[in-house]
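Everything on this sheet refers to the single structure shown next.
The values are calculated or read from the model by the stated rules, or taken from the named source; none is laboratory data. Remember, predicted model here, so these are calculated numbers, not experimental data. Note that we place each Cβ from the backbone using ideal geometry, even for glycine, and neighbour counts take in every protein chain shown.
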There are 2 protein chains.
Amino acid sequence: MFESAEIGHSIDKETYEKAVIELREALLDAQFELKEQARFPVIILINGIEGAGKGETVKLLNEWMDPRLIQVESFLKPSDEELSRPAQWRFWRRLPPKGRISIFFGNWYSQMLHARVYGDIDDATLDAGGAAAERFERMLCDEGALLFKFWFHLSKKQLKTRLKALEKDPEHRWRLSELDWKQSETYDQFVRYGERLLRRTSRDYAPWYVVEGVDPRYRSLTVGRTLLEGLQAALDMQEKGPERLAHAAPLVASLDNRGLIASLDLSRTLGKDAYKQQLAREQERLAMLVRDKRFRRHSLIAVFEGNDAAGKGGAIRRVTESIDPRQYHIVPIAAPTEEERAQPYLWRFWRHIPARRQFTIFDRSWYGRVLVERVEGFCSEADWLRAYAEINDFEEQLVEFGIVVVKFWLAIDKNTQMERFKEREETSFKRYKITEEDWRNRDKWDLYIDAATDMVDRTSTEIAPWTLIEANDKRFARVKVLRTINDALEGAYKKDK
Amino acid sequence: MFESAEIGHSIDKETYEKAVIELREALLDAQFELKEQARFPVIILINGIEGAGKGETVKLLNEWMDPRLIQVESFLKPSDEELSRPAQWRFWRRLPPKGRISIFFGNWYSQMLHARVYGDIDDATLDAGGAAAERFERMLCDEGALLFKFWFHLSKKQLKTRLKALEKDPEHRWRLSELDWKQSETYDQFVRYGERLLRRTSRDYAPWYVVEGVDPRYRSLTVGRTLLEGLQAALDMQEKGPERLAHAAPLVASLDNRGLIASLDLSRTLGKDAYKQQLAREQERLAMLVRDKRFRRHSLIAVFEGNDAAGKGGAIRRVTESIDPRQYHIVPIAAPTEEERAQPYLWRFWRHIPARRQFTIFDRSWYGRVLVERVEGFCSEADWLRAYAEINDFEEQLVEFGIVVVKFWLAIDKNTQMERFKEREETSFKRYKITEEDWRNRDKWDLYIDAATDMVDRTSTEIAPWTLIEANDKRFARVKVLRTINDALEGAYKKDK
């Protein structure tokens, strides 16, 4: 979930300054219209890693907008009055009225996370807290509120650098919280539990936005733009009483055009000899791992998505070559059958879930909803927006049962695709592989990449992460796929102990 | 939640037979149209107390409808295949396609409840199961499914009679499940955990319907009618793709016109001397209880609702007479202020939540949404339908914090109201108490009673039960109110130990 927010997004000064002038003006306009319409309140939650620029961003927002119409609430130690009432009371009393904006700093999520990292509460209590937050936010949105949830992120390395800088600065040292961020363990736990909360509370009406905090210009512009777009969309909506707004913005903005997939180093290759050797080794390893008696407590699902002609078929063949055909199934996903169309979306995947000791390969998958169906408009915006949470729920069930889930995005660049398309047209036995549709999809290249990046950001979780495969070189791709599967299986066996 | 399903609803044979002829025809018609439209599937969950007629009702539904289009699924012991996959798999594989109906017997709820009563899982796991069920059902409904959840209920006494009859009947003895229902403890636990699940999983798109199981004619007709009305409403909806249906039917049907409130014995009275004596005793008791040092861990909320002129004001005065004015607040709820209208609905009640050791009396309350706002159309159907779950969430937070919540419905009959209205008009110092609005409300007497009955059914929970007050006799009413408050406080103190 945080991968896209660790790649070092940045914006140069000139671009930034130009953008900010327009942004401020537009934000002020939106804020004024919000006040005039007075149809709904706006609540902004600020969470995330210490030192990732939460405070600075809030300060900046206050400067950019009309401070009379925006209120910053920081929920530090509860007062006596607050302690003598149910926990939610302190948030209710600070809710902004219709037409106003409040920034909630140190909100319900901060408290849960803090308590969990400190060991004051256990996983079950954290989950119960997440469920309560979800109910609270659903009610707020049903009542018309517009909710933004920002998670400011830093990689571990970025955090260390930042902490050092903060320590030297006497003016800012007070900002460090009680959590001892210098401990590597604190970071790991915070991120792990944070991801768990984000996964469970990201809903179409109130998704999380993850912001990489390392570059001040990038993070400020990202937050400002996200707010502006959400606000404008809500203001433009027809007046039909309280209504939920769907957030269609991507989870991690890439204002600098540096998405996770676009940032891949596609020049990676593997020589012929090294390939032969490594392929043989990984294939043998896989054969051993699925015959291992520890596989009895597990099963394996591998999901293959990627650009057209990225080499999914070839990679899948290398995976299955060394395994007994009775142990694996390949499920190619095309247009749904009549029977499948008469069922809820996930039905046609549930029916192929492997039993214990079985291995199922999905050649394209349930991610079709947020890729092709989203881009081609085969389903409504509401449908693909709610699909992320449904898919995370689904995969959580799989993993909790002991199924090992590996997900691959095979990425090639546009030129490589063109070469392969042409080769397919020219080779008689490959001609069936290329259709009109492939050419049409190619025209929507950027839309597909945006959708895929957003998909990875929203569904790459600790329990079922995405692996991006640099697939310009087929040999490199095939070995990386096999090795990832093997590592995942071994990792699962180790955890069993 | 189950009170309305313990009053001995019944339908006479003649009425039943006439009704069934029409019902069957209409059900067959609806079923045919469902098949022709093939727009959505229908899933019927059957749960509840052993011996309350679950099996018989399912059998009857099968007879009434076209058996080729309805499928009964009973999820008993999972198969080997099912055990080797995540738990939800067995339900997915049995989902009906669009246009068909499935009855799920022994579904996810039965399994959770069984496990909890057996002690295989704890409260936290039951709650997590409830939350997972909620997510699953929300997804099904988002995908267009129409979901009916029936809970068949029997009082403890009714169950005992029924068990005896079953035991004597060798043909039916096999039906008794593994749970030992002869043990009084089993019943209590099943009902307690059942209520907890119902409270948390009753949502506007998939509410529970509670059916009193003692009279076969009443329960069959109730289930049949509920299905028919829901089906027809869904079939009549515009074709705009998958869409959630809101269930507006009451939680407990009263086909025999015997609602909980209508069944009250309003002739109960209290003589003048007994009144004086008992009032003094209860007032003294209350004075002691709120001065008790154990009150430091609690606070008290009393909610007063009821017919116009039912004597709320008088009852409230008798409650407060013996207490230090610094310790209580009376919050009269009228139309919301401008400030309150700019906030989510529950905001204006949250702001008056008492601190520890305080006592707040709400003269009318958050239940306005499902009473006056529902009847007068001041809010949309969707708004009042979701309010039940929101209110249950809200009160759960209060009670979990240690607040004692008592809720009164003061009931009088129509004649008594007329007498009091006239008296008010004739007595100069009472004239301010009667307005045009009171007369208008009186014209909607039946609608208000229906709304109030449904409210009690949906929000009378183990943690915050409603107390119905027979208020034709003011003396009787006032003493019962005071005694209920005192008993609730004492009960809370006892639990502290």
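Numbers for the structure displayed
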read-out: Qualifying position, being part of a helix (DSSP H, G or I), closer than 27 Å to A:Thr269 by Cβ and without any contact (Cβ under 8 Å) to a residue 60 or more places away in the chain, among A:Asn441, A:Asn415; value: A:Asn415
read-out: Matching entry among B:Ile361, B:Ile391, B:Ile353 (being within 30 Å of B:Glu490 (Cβ to Cβ), over 21 Å from the mean Cα position of the chain (by Cα) and within 14 Å of another protein chain (Cβ to nearest Cβ)); value: B:Ile353
read-out: Unique residue being at pLDDT 90 or above, under 22 Å from B:Thr453 (Cβ atoms) and over 19 Å from the mean Cα position of the chain (by Cα) when the list is B:Gly194, B:Gly224; value: B:Gly224
read-out: Residue among B:Ala302, B:Ala315, B:Ala309, B:Ala335 that alone is touching a residue at least 12 places away in the same chain (Cβ under 8 Å), more than 21 Å from B:Asp487 (Cα to Cα) and small (Gly, Ala, Ser); value: B:Ala309
read-out: Residues located in the stretch B:80-109, provided they are more than 11 Å from chain A (Cβ to nearest Cβ) and either touching a strand residue (DSSP E or B) at 6+ places or on another chain (Cβ under 6 Å) or at pLDDT below 90 (or both); value: B:Ile101, B:Ser102, B:Ile103, B:Phe104, B:Phe105, B:Gly106, B:Asn107, B:Tyr109
read-out: For A:Thr320: the one exception among (1) under 18 Å from A:Glu282 (Cβ atoms); (2) away from chain B (no Cβ under 14 Å); (3) touching a helix residue (DSSP H, G or I) at 6+ places or on another chain (Cβ under 8 Å); value: (3)
read-out: Filter pass, B:Val214 being outside the structural domain of B:Val370 (by TED's automatic domain parsing) and not in a helix (DSSP H, G or I); value: yes
read-out: Residues of the stretch B:300-317 that turn out to be farther than 19 Å from B:Arg374 by Cα and either more than 12 Å from every other protein chain (Cβ to nearest Cβ) or polar (S, T, N, Q) (or both), as a count; value: 11
read-out: Among (1) at pLDDT 90 or above; (2) part of a helix (DSSP H, G or I) - the single one A:Arg162 does not satisfy; value: (1)
read-out: Given (1) over 27 Å from B:Glu395 (Cα atoms); (2) crowded, with 21+ Cβ neighbours inside 10 Å; (3) hydrophobic (A, V, I, L, M, F, W, C), index of the condition B:Leu255 fails; value: (2)
read-out: Considering residues of the stretch A:44-70 that are more than 20 Å from A:Asp215 (Cα to Cα) and assigned to a helix (DSSP H, G or I) only, the residue nearest to the other protein chains (Cβ to nearest Cβ); value: A:Leu69
read-out: Flag if B:Ser10 is at pLDDT below 90 and either assigned by TED's automatic domain parsing to the domain that holds B:Ile449 or not in a loop (DSSP other than H, G, I, E, B) (or both); value: no
read-out: Residue match in the stretch A:354-366 (condition: part of a loop (DSSP other than H, G, I, E, B), of a type in the set (Lys, Arg) and within 30 Å of A:Ser267 (Cα to Cα)); value: yes
read-out: Meets criteria (in a helix (DSSP H, G or I), in contact (Cβ under 8 Å) with a residue 12 or more places away in the chain and touching a helix residue (DSSP H, G or I) at 6+ places or on another chain (Cβ under 6 Å)) for B:Arg374; value: yes
read-out: Evaluation of B:Gly144 against (1) without any contact (Cβ under 8 Å) to a residue 60 or more places away in the chain; (2) facing another protein chain (nearest Cβ under 9 Å); (3) within 23 Å of B:Leu231 (Cα to Cα); (4) of a type outside the set (D, E, K, R) (one fails), failing number; value: (1)
read-out: Among (1) away from chain B (no Cβ under 14 Å); (2) part of a loop (DSSP other than H, G, I, E, B); (3) modelled with pLDDT under 90 - the single one A:Asp120 does not satisfy; value: (3)
read-out: Index of the failed condition, B:Lys59 passing every other in (1) within 27 Å of the chain's Cα centre (by Cα); (2) over 30 Å from B:Tyr388 (Cβ atoms); (3) surrounded by 14 or more Cβ atoms within 10 Å (Cβ to Cβ); value: (3)
read-out: Yes/no for B:Asp413 being of a type in the set (Asp, Glu) and out of contact with any Lys or Arg (no Cβ under 7 Å at 6 or more places or on another chain); value: yes
read-out: Residues within the stretch B:471-488 that are assigned to a helix (DSSP H, G or I), of a type outside the set (Lys, Arg), within 14 Å of B:Gly271 (Cα to Cα) and under 25 Å from the mean Cα position of the chain (by Cα), tallied; value: 1
read-out: Verdict on A:Thr427 being under 25 Å from A:Lys474 (Cβ atoms), in contact (Cβ under 8 Å) with a residue 24 or more places away in the chain and among the polar types (S, T, N, Q); value: no
read-out: Check on B:Glu73, outside any loop (DSSP other than H, G, I, E, B) and at the interface with chain A (Cβ under 8 Å from one of its Cβ atoms); value: no
read-out: Single residue of B:Pro96, B:Pro78 found to be farther than 30 Å from B:Asn257 by Cα, in contact (Cβ under 8 Å) with a residue 40 or more places away in the chain and surrounded by 14 or more Cβ atoms within 10 Å (Cβ to Cβ); value: B:Pro96
read-out: Filtered residue count, the stretch A:332-346, keeping only those that are under 27 Å from A:Val290 (Cβ atoms) and either within 14 Å of chain B (Cβ to nearest Cβ) or among the basic types (Lys, Arg) (or both); value: 1
read-out: Output for the stretch A:37-59, where each listed residue is under 23 Å from A:Lys98 (Cα atoms) and either among the polar types (S, T, N, Q) or touching a residue at least 12 places away in the same chain (Cβ under 8 Å) (or both); value: A:Gln37, A:Ala38, A:Arg39, A:Phe40, A:Pro41, A:Val42, A:Ile43, A:Ile44, A:Leu45, A:Ile46, A:Val58
read-out: Sole residue being within 19 Å of B:Val252 (Cα to Cα) and either of a type in the set (D, E, K, R) or more than 14 Å from chain A (Cβ to nearest Cβ) (or both), chosen from B:Ile21, B:Ile7; value: B:Ile7
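Residues checked against (1) touching a strand residue (DSSP E or B) at 6+ places or on another chain (Cβ under 9 Å); (2) surrounded by 23 or more Cβ atoms within 10 Å (Cβ to Cβ); (3) of a type in the set (Val, Ile, Thr); (4) within 17 Å of B:Gln158 (Cα to Cα):
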{"site": "B:Trp181", "(1), (2), (3), (4)": "no, no, no, yes"}
{"site": "B:Glu185", "(1), (2), (3), (4)": "no, no, no, yes"}
{"site": "B:Tyr193", "(1), (2), (3), (4)": "no, no, no, no"}
{"site": "B:Arg196", "(1), (2), (3), (4)": "no, no, no, no"}
{"site": "B:Arg203", "(1), (2), (3), (4)": "no, no, no, no"}
{"site": "B:Val210", "(1), (2), (3), (4)": "yes, yes, yes, yes"}
{"site": "B:Asp215", "(1), (2), (3), (4)": "no, no, no, yes"}
{"site": "B:Thr226", "(1), (2), (3), (4)": "yes, no, yes, no"}
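Here is a yes/no grid of residues against (1) crowded, with 21+ Cβ neighbours inside 10 Å; (2) more than 9 Å from every other protein chain (Cβ to nearest Cβ); (3) within 20 Å of B:Arg297 (Cα to Cα):
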position: B:Phe378; (1), (2), (3): no, yes, no
position: B:Ala387; (1), (2), (3): yes, yes, no
position: B:Gln397; (1), (2), (3): no, no, yes
position: B:Phe401; (1), (2), (3): no, no, yes
position: B:Met418; (1), (2), (3): no, yes, no
